[in-house]
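Have a look at the structure below before the remarks.
The values are calculated or read from the model by the stated rules, or taken from the named source; none is laboratory data. Given the structure is predicted, the values throughout are model-derived calculations rather than measurements. Using ideal geometry, Cβ is built from the backbone for each residue, glycine included, and neighbour counts are taken over all protein chains shown.
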Amino acid sequence: MNELSQQFNQQQQPSVLAQSSSSREMEEVKGQIFMAKQFPRNIFDAEKRILDNCKRPALAEQAVYSYPRGGTKVEGPSIRLAEVIAQNWGNLSFGVKELEQRAGESVAMAYAWDLETNVRQEKIFTVKHIRDKKSGPQKLTDQRDIYEIVANQGSRRMRACILGVIPGDIIDQAVEECNKTLSGQNTSPLKDRIGNALKAFKDNHRVTQAMIELRFGYNVDSFTERDYLDLIKIFNSLKDGISKVEDWFEKGSTNKKESGSSLAESFKEEVKSEDAKEEKTPVEQRELSFD
């Protein structure tokens, strides 16, 4: 009899713990909703806070990404900007939760929930415990590596959820303000900023100066503030995983600058050979040849 009662208690214990955890989460949600109703957001103040944050150069540098689509360029707010907008919008719950971890994969959920209006966006997705490398797929077993890959995959989906909850005109204003901030940043010479950008491309994505010049169609010495801004957006797109290097640059391509310089060198060699011939020709013959 004691054994039967012990088995019954063991079966009931997980159920009791699950119910207790569910009740606690429910109470936390009720408390968040109550506070949101007691202290509703002022939309105009929230908008001002968002735009003020967009005037910070450190945020503006990583706020906007761009990627090619159908022969055109699409721009949008990065993950970092989406987080800042959500934080300053107020009364918004957002994040990424790992729902289940199975053999070789994790099931997770990204969400954004406006506690005032009860508007909610969520995306459930599966992440394979695999990291793609040049040598082939690598299976992940370390819990830290698994956490990082789930967080990385979840951050992009969380961004989409945030943008689905917050009004689109607020997002557009934030992007525009970041572009203004970045265009007007003169803390260092443009040449130095472009040099730092080229180094970052090479160190992080193995994109060379020749590949960048081929993409833009002219030498980096001719880059303007607008070109620098476009370069930063491409870098943010690659960093956030929105696009790939192949979407922007041709690997192993010949730089137009280098091909142009080789033509110039060949032209110089031809001129030198002609000059040499003229030097060997007597003055009288050269004068006769002009007649």
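For this structure, a couple of remarks:
- Residue within segment 167-176 that is aliphatic (A, V, I, L, M) and touching a Cys at 6+ places or on another chain (Cβ under 9 Å) present: yes
- No other residue among Ala197, Ala174, Ala210 is over 24 Å from Pro57 (Cα atoms) and part of a helix (DSSP H, G or I) apart from Ala210.
- If you go through segment 130-150 and keep only what is under 22 Å from the mean Cα position of the chain (by Cα) and either part of a strand (DSSP E or B) or within 10 Å of Glu105 (Cα to Cα) (or both), you end up with Ile130, Arg131, Ile146, Val150.
- Odd one out for Lys191, checked against (1) surrounded by 14 or more Cβ atoms within 10 Å (Cβ to Cβ); (2) outside the structural domain of Leu92 (by TED's automatic domain parsing): (1)
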